[in-house]
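Note sheet for the following structure.
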Protein chains: 2
Amino acid sequence: MTRKSAEELAKKARQISISEFFEKNRHLLGFDNPRKALLIAVKEAVDNALDACEEARILPEISIELIQLNDTLFRMIVEDNGPGIIESQIPKIFAKLLYGSKFHKLSSTRGQQGIGISATLLYGQLTTGRPAVILSKINKDKEADKIKLKINTQTNNPDIVSSEKVEWAEKNHGTRIEIDMEGAYLKGKQSVDEYLKETAIVNPHLTLIYTNPNAEQIIFPRVTEEMPAEIKEIKPHPYGIELGRLIKMLEVTAAKTMQQFLTTEFVRVGPGTAKEICQNSALLPKTKPKKITREMAEGLYQGIKKTKIISPPTDCISPIGAEELEKGLRKEINAEFYCSTTRPPSVYRGNPFIIEVALAFGGEQEADKTVRIMRFANRVPLLYQQGACAITSSIMNTAWRNYGLQQSRTSIPVGPCTIVVHMTSVWVPFTSESKEALANYNEIVKEIKLALQECGRK
Amino acid sequence: MTRKSAEELAKKARQISISEFFEKNRHLLGFDNPRKALLIAVKEAVDNALDACEEARILPEISIELIQLNDTLFRMIVEDNGPGIIESQIPKIFAKLLYGSKFHKLSSTRGQQGIGISATLLYGQLTTGRPAVILSKINKDKEADKIKLKINTQTNNPDIVSSEKVEWAEKNHGTRIEIDMEGAYLKGKQSVDEYLKETAIVNPHLTLIYTNPNAEQIIFPRVTEEMPAEIKEIKPHPYGIELGRLIKMLEVTAAKTMQQFLTTEFVRVGPGTAKEICQNSALLPKTKPKKITREMAEGLYQGIKKTKIISPPTDCISPIGAEELEKGLRKEINAEFYCSTTRPPSVYRGNPFIIEVALAFGGEQEADKTVRIMRFANRVPLLYQQGACAITSSIMNTAWRNYGLQQSRTSIPVGPCTIVVHMTSVWVPFTSESKEALANYNEIVKEIKLALQECGRK
């Protein structure tokens, strides 16, 4: 047995770029099989287009085209009427992982991590070796930018293959992306078709034009001209903030006193509440944040828990609304009874969230199968990883026999029923970067169960 | 409706550090509830200790101590007799995410991503604000290094709180880490206790000394003095290499000809096979790799698929062995019949892997419950996310009625049976950074099914 020394072993350690990491771990992003890859690619592109349109307050019109190039190769073209992207930002937005505008704010956008669309380019590049083509126009009086992009995986930086100004007469503003990739096109439950259909249901203000690989065009016209309420960015709520994060906030704050710190860095803390928190933490409101030791921070952390603070505002999150959700369900499922509920906002880790549930019972639904579960997060349908999702485990841990369904102990109930659950939050906790399932935070599970019970009773 | 311009929207985009990313997404690493957090922390520390011992060819002896500090706070102390870590490497190994020695090589270690242990420090820091304490000694004639560490999340760099030389008389070499964190200690199926017990089963060369928060000490002595065969690093196998990766390899290779490129950059490609690949790709063996265009690379990619190449060697992966696996199962389960099988090596995405299965049937096992599934990857027990794992879906998609179990269509079979599945590979594809479930690559699912069927027939 030849022993190796610490010095020898140390030689091999080095830094890993985030692109290399996701290239090797592409399954983390959902790119583990060709069928799912195509779905994820469409999802990332559509999510981004919707977010951009809504942030710019433009009624979204998005067209998606999938072209089959050979047995295993597809071209995806997604075009929106969004605000466009300025030239200097295009390479980083599309060809640098962990870059974006949504991570550092608390607001209920679909995208949040600054990974999705660059990861899609990375997957295309990995499976075809070809660059992606981005076309973007920000103003009707300007020419569009057409940029061919690859990702340098060793440095996680964009590699601009070519960049030119071009005419794009059809559009005043918008973005068009074109990516070749390995894929497989199948219809059915976890398909691009299903994802787009469900997306249209929960985004009634969206017009979708979809051309599938069989060259069939399907149009989902918008059913309302009304945009969802403008979503606001908020500060964190004191409940649920971790001690370590609190300490970091104390270190970097510009506030001169604890009173000021509490009222300016958090939502729902007015002068009265701030005083009360200080009292409960045995701190003087005039103390300078820089003077707070780790022990004092622990006291503050406990003091916050002892103080009654009202729930976070809801104008930062955008529920679909019980009525709208039920309406969508009625369109989709022919049932006997419908009911729906929107829970009051709650908080996990300082992040406000709302759970909405709709049920459709009886009618043409099959009685001897497990119920159908439809999951949504910030208006995005979740089609994979049902088994890993907090929504599913909450359903399994609710006693459905009381509500007329069959159920063997903590499993999915059986009966003619469809259950729709929507979580909206300024930060949705997904179990993986592919954003397919909600993580099991206790506060979230509790709210889902309460919503299910409320609905069940109806 | 006030529209926002592309210029306005562009202002908010910025880079996200990988530490910030995982701090906000700590559930990706498994730190979403206190009970699981404690398990993940122990797992990351023990995985690292085992890898270090095996790489240095030292018979591992690891002690784990969990101390409850208050209702929700725990101190974890993990100490090994490994080779130790040189002073300059300690901060980066423990307090920089995506840094390590295992990512850039292909070998079947437990750790692979350079995230786990730093993420554990990050979680401790986030929930307690306290630094971690690392003690490491690399040589009996040297003093040990004692370093207190935090992570600067904005830069993803280590923040050294203090560093000193100290006496550590009990050990000639080894590492000891101490991290405070929020947690919850419970026994049962997904507990630290269960994880350590299963770890001892699949690592018969390991001595484990475990002191739980109730101050009960449990010792798992090693049952063999024999180390697992030394695992070798290998080059990728031509099958399963993606086109994009092939193009990158052609760009960076030092090889002067295609012949040389194929024989030096891949495993199992000798001069004869290389010639055949070139022929099947309509390329001359003398062509310079730098001259290969994207189109020629596509030809090469197809040519590789057409060429018969022998399976990758197995000395780079470390199966437990059918016999050993069955022995472990016999110790754990009192059954009537046992059987086990080790499949020949197979390849996914260019990575060799082996599937091993053991079954225990009848005896004292309950007949009216779903079978018990025990999942392992590179000798690490997988306790969470059973529903999301390729092992589970392979079991569900195997027809068990033929083998005397009850099963309703594609669900987990019911009967007095325990199924153990072990995957070992130079790169295990997990569905998330918390490494709890295998991703659904077709090649892997197929091998698991074949192994189950082989075992079932017995």
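The values are calculated or read from the model by the stated rules, or taken from the named source; none is laboratory data. Note that the structure is predicted; figures quoted are calculated from it, not measured. Using ideal geometry, Cβ is built from the backbone for each residue, glycine included, and neighbour counts are taken over all protein chains shown. Just so you know, the surface numbers come from the protein's heavy atoms only, side chains and all, with ligands and any DNA or RNA stripped out. Shrake-Rupley method; radii C 1.70, N 1.55, O 1.52, S 1.80 Å.
Reported count of residues in segment B:394-410, each being open to solvent by 30 Å² or more (accessible area, probe 1.4 Å) and either within 19 Å of A:Thr392 (Cβ to Cβ) or not hydrophobic (A, V, I, L, M, F, W, C) (or both), is 10.
Cβ-Cβ contacts under 9 Å between residues 6 or more apart (or on different chains), taken from a first residue in segment A:131-157 that is outside the structural domain of A:Ile117 (by TED's automatic domain parsing) and crowded, with 18+ Cβ neighbours inside 10 Å to a second residue that is of a type in the set (Val, Ile, Thr) and not in a strand (DSSP E or B), are absent.
The set of residues in segment A:319-370 that are among the polar types (S, T, N, Q) and open to solvent by 20 Å² or more (accessible area, probe 1.4 Å) comprises A:Asn334, A:Thr342, A:Ser346, A:Gln365, A:Thr370. The condition of being under 30 Å from B:Pro312 (Cβ atoms) and either assigned by TED's automatic domain parsing to the domain that holds B:Glu265 or open to solvent by 10 Å² or more (accessible area, probe 1.4 Å) (or both) does not hold for B:Glu61.
Checking the stated criteria, A:Phe266 turns out not to satisfy the condition of being open to solvent by less than 40 Å² (accessible area, probe 1.4 Å) and modelled with pLDDT of 95 or more.
On inspection, A:Asn203 passes the criterion of being open to solvent by less than 10 Å² (accessible area, probe 1.4 Å) and in the same structural domain as A:Ala52 (by TED's automatic domain parsing).
If we scan segment B:83-92, do we find a residue that is assigned by TED's automatic domain parsing to the domain that holds B:Glu167, closer than 30 Å to B:Thr314 by Cβ and either open to solvent by less than 40 Å² (accessible area, probe 1.4 Å) or not small (Gly, Ala, Ser) (or both)? Within segment B:83-92, one or more residues are assigned by TED's automatic domain parsing to the domain that holds B:Glu167, closer than 30 Å to B:Thr314 by Cβ and either open to solvent by less than 40 Å² (accessible area, probe 1.4 Å) or not small (Gly, Ala, Ser) (or both).
Within segment B:1-25, residues that are touching a residue at least 60 places away in the same chain (Cβ under 8 Å) reach partners that are in a strand (DSSP E or B) and open to solvent by 20 Å² or more (accessible area, probe 1.4 Å) with beta carbons closer than 8 Å, at six or more positions or on different chains, in the pairs B:Ser19/B:Asn152.
All of B:Leu121, B:Leu135, B:Leu149 fail the test of being within 29 Å of B:Phe376 (Cα to Cα) and not acidic (Asp, Glu), apart from B:Leu121.
Once segment A:53-107 is narrowed to residues that are among the basic types (Lys, Arg) and assigned to a loop (DSSP other than H, G, I, E, B), the residue that is nearest to the other protein chains (Cβ to nearest Cβ) is A:Arg57. Screening A:Thr410, A:Thr431, A:Thr392, A:Thr424 for residues that are away from chain B (no Cβ under 14 Å) and among the β-branched types (Val, Ile, Thr) leaves exactly one candidate, A:Thr424. Scanning segment A:208-243 for residues that are farther than 26 Å from A:Thr314 by Cα and open to solvent by less than 20 Å² (accessible area, probe 1.4 Å) yields A:Leu208, A:Tyr210, A:Asn212.
Exactly one residue out of B:Pro221, B:Pro236, B:Pro213 is of a type outside the set (A, V, I, L, M) and either without any contact (Cβ under 8 Å) to a residue 60 or more places away in the chain or out of contact with any Phe, Trp or Tyr (no Cβ under 8 Å at 6 or more places or on another chain) (or both), and it is B:Pro221. The residue that is most open to solvent (accessible area, probe 1.4 Å), among those in segment B:1-19 that are more than 7 Å from chain A (Cβ to nearest Cβ) and farther than 16 Å from A:Lys96 by Cα, is B:Lys11.
Per-residue answers, yes or no, for (1) under 19 Å from A:Pro83 (Cβ atoms); (2) within 14 Å of chain B (Cβ to nearest Cβ); (3) β-branched (Val, Ile, Thr):
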site: A:His173; (1), (2), (3): yes, yes, no
site: A:Glu178; (1), (2), (3): no, no, no
site: A:Asp193; (1), (2), (3): no, no, no
site: A:Leu196; (1), (2), (3): no, no, no
site: A:Asn212; (1), (2), (3): no, no, no
site: A:Ala215; (1), (2), (3): no, no, no
site: A:Pro221; (1), (2), (3): no, no, no
site: A:Glu242; (1), (2), (3): no, yes, no
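Of all the residues in segment B:44-61, those that are over 13 Å from the mean Cα position of the chain (by Cα) and closer than 20 Å to B:Asn214 by Cβ number 0.
Taking A:Asp47 as the residue in question, decide whether it is buried (at least 21 other Cβ atoms within 10 Å of the Cβ) and either acidic (Asp, Glu) or at pLDDT 95 or above (or both). Answer is yes for this residue. Taken residue by residue, segment B:285-299 has no member that is charged (D, E, K, R) and surrounded by 21 or more Cβ atoms within 10 Å (Cβ to Cβ).
Would you say A:Ser408 is out of contact with any helix residue (DSSP H, G or I) (no Cβ under 9 Å at 6 or more places or on another chain) and among the polar types (S, T, N, Q)? Yes: the conditions hold for A:Ser408.
At least 1 residues being more than 26 Å from B:Asn442 (Cβ to Cβ) is the threshold, and among the strands (runs of 3 or more DSSP E) wholly inside segment B:317-373 those reaching it are B:337-342, B:351-361.
Could you run through segment A:411-436 and say how many residues are open to solvent by 10 Å² or more (accessible area, probe 1.4 Å) and either in the same structural domain as A:Ile115 (by TED's automatic domain parsing) or assigned to a strand (DSSP E or B) (or both)? Within segment A:411-436, residues that are open to solvent by 10 Å² or more (accessible area, probe 1.4 Å) and either in the same structural domain as A:Ile115 (by TED's automatic domain parsing) or assigned to a strand (DSSP E or B) (or both) number 2.
Restricting the search to segment B:211-246, which residues are at pLDDT 90 or above and either at positive phi or hydrophobic (A, V, I, L, M, F, W, C) (or both)? Within segment B:211-246, B:Ala215, B:Ile218, B:Ile219, B:Phe220, B:Leu246 meet the criteria.
How about segment B:250-259: which of its residues are hydrophobic (A, V, I, L, M, F, W, C) and open to solvent by less than 20 Å² (accessible area, probe 1.4 Å)? Residues satisfying the conditions are B:Leu250, B:Ala255, B:Met258. Restricting segment A:28-40 to residues that are touching a residue at least 24 places away in the same chain (Cβ under 8 Å) and at the interface with chain B (Cβ under 8 Å from one of its Cβ atoms) leaves a set whose member that is nearest to A:Ile93 (Cα to Cα) is A:Leu28.
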